[in-house]
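Colleague: There's a structure below that I have some questions on.
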Amino acid sequence: MTAPRVNDKRVDCETGERKRFASAILPAWARKTPKITEVLPLLYLHGLSSGDFVPALGEFLGSTAGLSAPVITRLTEQWKAEQRAFAERDLSGVDYVYLWADGIHVNIRLEEHTLCLLVMIGVRADGRKELVALADGYRESTESWADLLRDCRRRGMRAPVLAIGDGALGFWGALREVFPETREQRCWFHKIANVLAALPKSAHPGAKKALAEIWNAEDRRHALDAVKAFDAAYGAKFPKAVAKITDDVDELLAFYDYPAEHWIHLRTTNPIESTFATVRHRTKVTKGPGSRAAGLAMAFKLIQSAQDRWRAVNAPHLVALVRSGAVFVNGKLVERPDEHPTPTAA
């Protein structure tokens, strides 16, 4: 294996400052004190060939790490067993109030297909984030997501109050079947990308600013006013781009019915995006068959390592109020569950 060439003389075009080198494989959370449980899954999902694992891990972890091909094989088998146990665990004792969902295509091809990871991360009633479920399947397939959700329900999972995800996911059809009471919030990160893809590049700066006026509005009324302004500015020339907002406006603005402290968490699927940022498939997919079970095990270990660094949501005490049915209007609590007047007998 040859050492990669590193361009450490890049300059920021706006500030003129020298850019620091950042690993294209290790995300920020794994760079400071990398561990085998973080680095090996990242290398695998990034598409590194198995023959290069030992020298590559030596570069990241040091030659004294005691790594060899048999050690890596044993670790992989251990992680497969851990992932299988995780997929069969009882969910009846855990309450996930919010749920993020996304389908992640990574850089490896397994058993004739590019691996797509169906990932669900939840917020417990105490405000902590944790992995809920992980499987492989088809991102846009309702049936793939329905199988995963049905399995979670079978193991005791309650319906989340709110789910957040990309509008293109087959997840939504599955959610309406399995947990019809769960409300839907579209991911603004994905939505903005879809809108910009329908606009010429010359329109991107203005469109980004106009879209920020919507998702960053102080309340729903101002957000709806910003939607009208976006329509007025771009609707005549680019109706398809505007329709991507107007057709989903209720689902894009659902977060206003939850605590304002939680809005930053509910507008996007960032917990999933940030975990898989360096291994998500962008262009080239590594050729050659791999192990489906190993791919799932590596993804499971990657999320498990990242999860140790996840922070609870802001104002975690409000999550339990959301579950109990408290009413929030434009982010403010207006009615607790026990404030409904009790009718008196005539």
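Colleague: May I ask for the net charge around V313, where only other residues with Cβ less than 15 Å from the Cβ of V313 are counted and Lys, Arg are +1 while Asp, Glu are -1?
Modeller: Combined, the nearby Lys, Arg, Asp and Glu give +3.
Colleague: Jot down the per residue volume, in cubic angstrom and as a whole number, of the convex hull over the alpha-carbon atoms of the stretch 188-267.
Modeller: Roughly 79 Å³ of hull volume per residue.
Colleague: Right, here's the next one. If Lys and Arg each add +1 and Asp and Glu each add -1, what is the summed charge of the other residues whose beta carbon sits under 12 Å from the beta carbon of F238?
Modeller: Charge balance near F238 sits at +2.
No lab work stands behind these numbers, since they all come straight from the coordinates. This structure is a prediction, so every number in the text was calculated from the model and none was measured. All Cβ positions, even for glycine, are placed from backbone atoms using ideal geometry, and neighbour counts span all protein chains on display.
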